[in-house]
Amino acid sequence: MPAPVSVRPYKGVFPVAPTVFDAEGRLDLDGQKRAIECMIDAGSTGLCILANFSEQFVLSDAERDAVMETVLAHVAGRVPVIVTTSHFATHICAERSKRAQDLGAAMVMVMPPYHGATFRVPEVAIYDFYRAVSDAIDIPIMVQDAPVAGTPLSVPFLAKMAREIGNLSYFKIEVPQAAAKLRALIEAGGGDIEGPWDGEEAVTLMADLDAGATGSMTGGGYPDGIRTIIDPYLAGNREAAMEAWQRWLPLINYENRQTGIATAKILMKEGGVIAHDTMRAPQPAVHPAIRDGLIDIARRLDPVVLRWGK
């Protein structure tokens, strides 16, 4: 497997790829490859697969393997790919992470162990969990600090793990007041914080960039739009980044507050990238009026996704 073309530290836009299903909700691996190709053509610095925004929670283990194998083989090192390997069990997460590395992943993203609303573990167990995953691999670990886990991860604790756990060096911060946490984490962790990133569909991107974020993990529908914000900012042109942010914020907000996980699939189907925007049951389909609202906003911005397949 060729090495990813980008070099560390990884920076830029690493959107989450949707998992593509056919009309009956079965994996559509040909559609998956088209979605990936569209995202690369739209300027993705790298990609993330099997994340929550990929509907990883509705996939069997065999399906996860099929998606991972298909995507990593198709990308073939052209851009770095982050594979989400989260699991409650330490040994399963470590095994998933090693397999992802062996297939060509550039990084793994891992949430702290949780199950449901109340099955969580204390800090010492979280520390041992991440250390075991790190010991199993040689590529970076990104800690996903998200409200869905219901697991508080304090800045001193994250900085301690960055300092003491060899491969743990990237942090996707998508909790409330993310900018304040990113700023505090960078101050506490210094050079051990190789990748302070934002998430949550980039709805707080400008504040997070001002706080020191160097990467963003967004939805997969319009990486070209997010690039117009992040590229000038990282090049030192905050004014151009702000102007782009103001243009794209209505679409970012609509994704974050209205269409969520379905956004990339809706845009990809509309643009002829994939044949179906199926959401696997029991997730409900997006209301047609909400879908139309998303497409109306997107058309005003002319992202690559709406032209790619036509």
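When each of A35, A94 is tested for being outside any loop (DSSP other than H, G, I, E, B), over 17 Å from T278 (Cβ atoms), of a type in the set (G, A, S) and at pLDDT 95 or above, the lone residue that passes is A94. Tallying residues that are buried (at least 17 other Cβ atoms within 10 Å of the Cβ) and free of Cβ contacts under 8 Å to residues at least 60 places away in the same chain within the stretch 132-159 yields 14. When the criteria are applied in full, G220 fails the requirement of being in a loop (DSSP other than H, G, I, E, B) and over 23 Å from V175 (Cβ atoms).
Among the residues of the stretch 226-248, those identified as part of a helix (DSSP H, G or I), surrounded by fewer than 17 Cβ atoms within 10 Å (Cβ to Cβ) and of a type in the set (A, V, I, L, M) are L234, A240, M242.
Filtering the stretch 17-24 for residues that are β-branched (V, I, T), more than 20 Å from P303 (Cβ to Cβ) and over 15 Å from the mean Cα position of the chain (by Cα) leaves an empty set. Contact annotation: residue pairs with Cβ atoms under 9 Å, 6 or more positions apart or on different chains, pairing a residue in the stretch 250-265 that is within 13 Å of I226 (Cβ to Cβ) with a partner that is basic (K, R), are L251/R300. With the structure loaded, tell me whether A17 is more than 22 Å from I193 (Cα to Cα), in contact with a Leu (Cβ under 7 Å, 6 or more places away or on another chain) and buried (at least 19 other Cβ atoms within 10 Å of the Cβ) or whether it fails that test. So A17 passes the test.
Taking the criterion of being aliphatic (A, V, I, L, M), surrounded by 24 or more Cβ atoms within 10 Å (Cβ to Cβ) and more than 16 Å from K265 (Cα to Cα), no residue of the stretch 33-62 qualifies.
Here E200 does not fit the description of being more than 16 Å from the chain's Cα centre (by Cα), under 14 Å from K172 (Cβ atoms) and not aliphatic (A, V, I, L, M). Scanning the stretch 83-96 for residues that are buried (at least 24 other Cβ atoms within 10 Å of the Cβ) and either more than 20 Å from L158 (Cα to Cα) or among the acidic types (D, E) (or both) yields a count of 2.
Identify, please: which residue in the stretch 249-278 is outside any helix (DSSP H, G or I) and touching a Cys at 6+ places or on another chain (Cβ under 8 Å) and is, among those, surrounded by the fewest Cβ atoms within 10 Å (Cβ to Cβ)?
Within the stretch 249-278, the match that is surrounded by the fewest Cβ atoms within 10 Å (Cβ to Cβ) is G271.
Report whether or not R78 is under 18 Å from the mean Cα position of the chain (by Cα), closer than 26 Å to G43 by Cα and surrounded by fewer than 18 Cβ atoms within 10 Å (Cβ to Cβ). So R78 fits the description; yes. Taking the criterion of being in a loop (DSSP other than H, G, I, E, B), touching a Pro at 6+ places or on another chain (Cβ under 8 Å) and either of a type in the set (K, R) or modelled with pLDDT of 95 or more (or both), the residues of the stretch 145-174 that qualify are L153, N167, E174. Take the conditions closer than 24 Å to E255 by Cβ and either of a type in the set (F, W, Y) or crowded, with 21+ Cβ neighbours inside 10 Å (or both) and apply them to V108. Does it pass? The answer is no for V108.
The values are calculated or read from the model by the stated rules, or taken from the named source; none is laboratory data. Everything quoted here is computed from the prediction, not taken from an experiment. In this analysis, Cβ positions are derived from the backbone assuming ideal geometry, glycine residues included, and neighbour counts consider all displayed protein chains.
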